[in-house]
Structures are given as structure tokens and as C-alpha cells.
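Before I ask anything, let me first share the structure, which is written out below as C-alpha cells.
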Amino acid sequence: AVPRVLNFNVGVLGHIDSGKTALARALSTTGSTAAFDRAPQSRARGITLDLGFSCLRTDLPPQLGSGPGELQFTLVDCPGHASLIRTIIGGAQIIDLMMLVIDVTKGMQTQSAECLVIGQIACQKMVVVLNKIDLLPEAKRQSAIEKMTKKMQKTLENTKFCGCPIVAVAAKPGGPEAPESENPLGVSELIEVLKSQAYLPSRDPSGHFLMAVDHCFSIKGQGTVMTGTILSGSVSLGDSVEIPALKVTKKVKSMQMFHTPVTYAMQGDRVGICVTQFDPKLLERGLICTPESLHTIHAAIISLKKIQYFRGALQTKAKFHITVGHETVMGRVMFFSPAPADFNEEIQENIFDFEKDYLYQEEYLSKDSNSSEENKENDQAGEVQLPRQQWALLEFEKPVTCPKLCLVIGSKLDTDIHANTCRLAFHGVLLQGMEDKNYMETFLPKLKVYKLKHKEGQVERVMDDYSVIGRSLFKKETNIQIFVGLKVKLSTGEDGIIDGGFGQSGKFKIRIPDGLKPDTKMLLTVASKKKSKAGKGDATKEDESGKNDSAQPVTISLLFKRYVFDTQKKMIQS
């Protein structure tokens, strides 16, 4: 019988030059002398570092059950930054443990912080590896390691990895040039820690099949083999799979796992899938899936959260690098929140409700954001009220192919890599993609995001008990007809209705259905009398009366809301 092999995926992350690849190599070679003797074919094959995947096999640790069987650690090496984001986001569902590699002589660096952020979004467990301890002078080595360990514990205090193991190693003593005979330090201890952290990962065979292919090659007389990790769902012999980038569908002819033919594989498995009549050059890496399960979209609605380490506000209309599924494209954002009355309502996860009204925001609301006028109306103590959930409309510069519900990360990758700032700005979930290229016309009008508009003008004079003339509410060229019938309020308390234009200069007539209050009439008659008197007198009087006049003008407020995507730009009053 084939021994049971449990695959456990370890993401190897860290700042450039922290020694990730050397560590992966040291782990798999140390591992192979111990465990690979039972599997000569894997030793003969060497480590497939070009894939960024190497393996390490050990016996099953006690917490994973007794009996024959092996634990295989697949080390997913995430080289470089942009691909780091892609690999992790692509592999978010399948990375079971993150190994964060830190150069012990440098401590946390920009990308280490970013790895930590991604880890918190994507992963449940972490082990920190302090690498390159051979660079510390032996006399001070122990104390330097302790100091850095304390520092790392402090950094991790407020994350979900608080209290995770921290192991010191030298993966390649003497650096890349050193002879191979130098033995790594601390690597077998690290393997023991990895074994102690292993758990039975939860895998779900339901849902659409989706696999990240990292290698594609042909085998004479067999066909083309695609190897990779299954991100979701499962696959069986004879299934049809689609290669969405090429719009091609192929039948699964044979499958292998751990060099053993299989008829079925599911989420989290590393598998080779063989298909016929397909040129491997067409697909080095990419996605394959259940036919029709991915969609290609031009824009999307996402729910999102800001990443706390990102400095600066998230502004509407700003451009970000958006990573969706396995692609990263430029996109523009527009933020919106629930209507103020619904700020505290429970929001259903992973569903977007098109029936509700939403409030447009100039920026993502966070503790340090300037509260906008609309929100000020609900704060009593000047405390910015934050909604439970916020959303964004993303508009991509070019269409993206991705699963229907997937993780989205927004970042500013053009920031200088050496500037010590986190470049990841927000993360969220794709709730609704827009497949129609003309989504502006066909789709966006369904999205009820509104802006509150507030215009102010002044009463020019009284016409009679039931009407006044106003000014300064509209520009001269405004078509007043579209405002006819809208409600306004006078600063003295009366409600009025705009009745129509008056003359050519943008003045207008307001009907006051309940009549003007006597006080208001007094106020307005005094003001206009003073004006006419001042006209006859000399200039100094005019100044004074001007002051009195402006001290108590009666203002007119017009409040309405307008939906951002309403093609008719209707003005709506509650």
C-alpha cells in the first residue's frame, strides 16, 4: 500500500536578500538525508527550485495520528515583491503556515512588514526564522539573537501571530560563495518546530475547480503535463478543464500526485494533470478551472478594509495596483459607505445589496480621516462615526479574469522599494464583477450611491405675505426650471417651495405656503428700508447699514441628494 502522504503548504516569505531560497534549499537537503532515503526518486530529481517549490518529507508527528504515513512540507518560495503579492494572494487559500525569514543583522524591513500584512490576511499560523546568524561574532551571537527575538515578539504583539515560534538559523554559513561542506546551523531544530506546528489543514472539495499552474512541459507519447496547486474544488480523471487565458477546454487524461497515478485530487493538493494536443509553450504558468467558472470583468464592487500600516488617506479617484485572483492591474477607486442612518447595521457577508442607498465618500473613512460635512451631522461629540462596512467601485484599466468571489488587494507598488513604508493599502472581497464593457450605461445606474448637495442663497425682498424673491442660490446661466418644485427652508424657520425664475440675473421666486411670520416680515422690511435710505445718504452711512444688513440677512437653504450614476441627474428630497 502507498503510505498516506499529507501535504502541508509552507509559504516562505521575507525581504529581498533575507536568504529565503537558501533556507528552502537547506530545509529540503537536510530533510532529504533524513527522510528522502525512502523515496529515491525525489532525491534523483533534485529540488525543483526553478518552480519555487521544494519539498521536505518527514514522518507524521504524533498530533497528526499514528500509523504509517508521511508529512510532506511543500515550500512555496515567493520570490520578489510583485510576485510575492500574486503568489500569496493566489495561494492564500492554500498556504497553511507562513515562514517569515528575517535577516538577523537587519531586523524588520519594508517587505517583512508587508509579508506580515499579507500573512494576517491570508494565513492562520506563522513561524519566524532569524537567518544569517553566522554573520554575528560568536562571542556576542547569543545575546544578539535574544535581543532580536525580543524585538520580533514586540512587533508581533498586536497581530494574530502573537507568541509564534521564533527560530535562529544560518541556512548557508559563509554566504553564497562558501563551499557546500559548511553545514547549516539550526535547520534540524527548525524542522522540529515546523513539525510541531503542522495541523490537519481544512480542505474543501466543493465549489469550482481552480488550479494555479506553475509548470508546463510535454512528455513524449503522453501529452502535456501541467503541475500546480489546487486552489479550490476538486478534479477527477476524465473531467474537462478550461484554460481561460487561451479560451481552450481540455479533457484530463491522467493525473499524478507524489509520482503515483491518482484518479482524484482536491483543494490544497499538488498535482500533475496530463492533457493531449496542447502546446506547453502556450502556458508557462496561469490558471486552469472548471469551464466557465471564471469571469472577465472591467469593473467591480468590493467590500474593503484599510491596512493599518499604510500611511496616508485612501482617496476617491486615486489609482492603485489592484491584485485580483492571479492578476495585478491598475485601477481607479471610488469609496462609499452605508447611508448615515445605517452606519451601525449588521451587513451580510459576501453579498452586495443593490436595493439600498449608499453615501458617496471622498475618501475611505478611518479614525484619522477628516470627517466630511455629511458625517458631521451625525456626530455629537466631534467623534468621527465609522460605519461597520465600506465599499469601493473599482474600474480597471484593462479587463481581469478571476473567480466570482475572490480576495482583492490594493497597493501602491510604484513607491520606492527602499522607502520604509508599507505599500499595501487595502484588502477586500470582490462582491460583484461587471462583465459588460459598457458597464457605465448598462450596470452602474443600478448602483444607488448618492451625494448630499447643500446650496445657500439669501432673501432679496418680500413680495407679499406668501412669497419672497431670493438671490445667490443659482448662477446666472442655471436653468431654474429644473429646480421648480423643490423645497427650501428660510433661516427664520419657514418652509418654502421654488416657484420659478424672476428676471434674468438668476433671481427666483419662493412660495411660502404657511405664510411669513410677522418677525420675518419685520426683519426683511427693515433690511430693505435701510438699503433704500442708504442709497440717498452719503457713503459712510451705507457702510454701516451694509454691516447691519449683512448681520441679519435671511438665508435660504436648499438640500437635496443626487445619485452619482443617475443619467438624468435627478434631484431628490426626502
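Among the residues of segment 179-190, is any in a strand (DSSP E or B) and either open to solvent by 40 Å² or more (accessible area, probe 1.4 Å) or among the basic types (Lys, Arg) (or both)?
Checked against the condition, which is being in a strand (DSSP E or B) and either open to solvent by 40 Å² or more (accessible area, probe 1.4 Å) or among the basic types (Lys, Arg) (or both), segment 179-190 yields at least one hit.
Return only the number of the condition from (1) in a strand (DSSP E or B); (2) open to solvent by 40 Å² or more (accessible area, probe 1.4 Å) that Gln277 does not satisfy.
Here Gln277 meets the rest and fails (1).
Residue under question is Thr442, and the condition is that it be outside the structural domain of Ile322 (by the TED database) and either of a type in the set (Asp, Glu) or open to solvent by 40 Å² or more (accessible area, probe 1.4 Å) (or both); does it hold?
Working: outside the structural domain of Ile322 (by the TED database): no; either of a type in the set (Asp, Glu) or open to solvent by 40 Å² or more (accessible area, probe 1.4 Å) (or both): yes.
Answer is no for this residue.
A further question follows. Go through (1) surrounded by fewer than 19 Cβ atoms within 10 Å (Cβ to Cβ); (2) outside any helix (DSSP H, G or I) and name the single condition Gln432 misses.
Failed condition: (1).
Okay, next question. Tally up the residues in segment 449-491 that are among the β-branched types (Val, Ile, Thr) and either open to solvent by 70 Å² or more (accessible area, probe 1.4 Å) or not in a strand (DSSP E or B) (or both), please.
4
Could you check segment 479-512 and list, in sequence order, the residues that are under 17 Å from Asp465 (Cβ atoms) and without any contact (Cβ under 8 Å) to a residue 60 or more places away in the chain? Quick ask: steps written out before the conclusion?
Here is the first cut: in segment 479-512, the residues under 17 Å from Asp465 (Cβ atoms) are 490, 492-497, 499, 509-512.
Gly493, Glu494, Asp495, Ile497, Asp499, Lys509, Ile510, Arg511, Ile512 - these are the residues of segment 479-512 that are under 17 Å from Asp465 (Cβ atoms) and without any contact (Cβ under 8 Å) to a residue 60 or more places away in the chain.
Here's a follow-up. Is it the case that Met152 is in contact with a His (Cβ under 9 Å, 6 or more places away or on another chain), open to solvent by less than 20 Å² (accessible area, probe 1.4 Å) and either assigned to a strand (DSSP E or B) or outside the structural domain of Gln267 (by the TED database) (or both)? It would help to see each step written out before you state the result.
Details: in contact with a His (Cβ under 9 Å, 6 or more places away or on another chain): no; open to solvent by less than 20 Å² (accessible area, probe 1.4 Å): yes; either assigned to a strand (DSSP E or B) or outside the structural domain of Gln267 (by the TED database) (or both): yes.
For Met152, the condition - in contact with a His (Cβ under 9 Å, 6 or more places away or on another chain), open to solvent by less than 20 Å² (accessible area, probe 1.4 Å) and either assigned to a strand (DSSP E or B) or outside the structural domain of Gln267 (by the TED database) (or both) - is not met.
Continuing with the same structure: Filter segment 209-265 for residues that are in contact with a strand residue (DSSP E or B) (Cβ under 8 Å, 6 or more places away or on another chain), outside any strand (DSSP E or B), aliphatic (A, V, I, L, M) and open to solvent by 20 Å² or more (accessible area, probe 1.4 Å) and give the result.
Listed by number, the residues that qualify are Leu237, Ala245.
Here are some residues: Thr227, Thr149. Which one is touching a residue at least 12 places away in the same chain (Cβ under 8 Å) and closer than 18 Å to Leu100 by Cβ?
Thr149
When you scan segment 298-372 for strands (runs of 3 or more DSSP E) that lie fully inside it, which ones turn up with 1 or more residues that are more than 18 Å from Arg423 (Cβ to Cβ)?
Those strands (runs of 3 or more DSSP E) span 327-338, 358-361.
The values are calculated or read from the model by the stated rules, or taken from the named source; none is laboratory data. Here the structure is a predicted model, which is why all the values come from computation and not from measurement. As a convention, Cβ positions derive from the backbone with ideal geometry for all residues, glycine included, and neighbour counts pool all protein chains shown. To get the accessible areas, we keep the full protein, side chains included, count just its heavy atoms, and leave off ligands, DNA and RNA. Shrake-Rupley method; radii C 1.70, N 1.55, O 1.52, S 1.80 Å.
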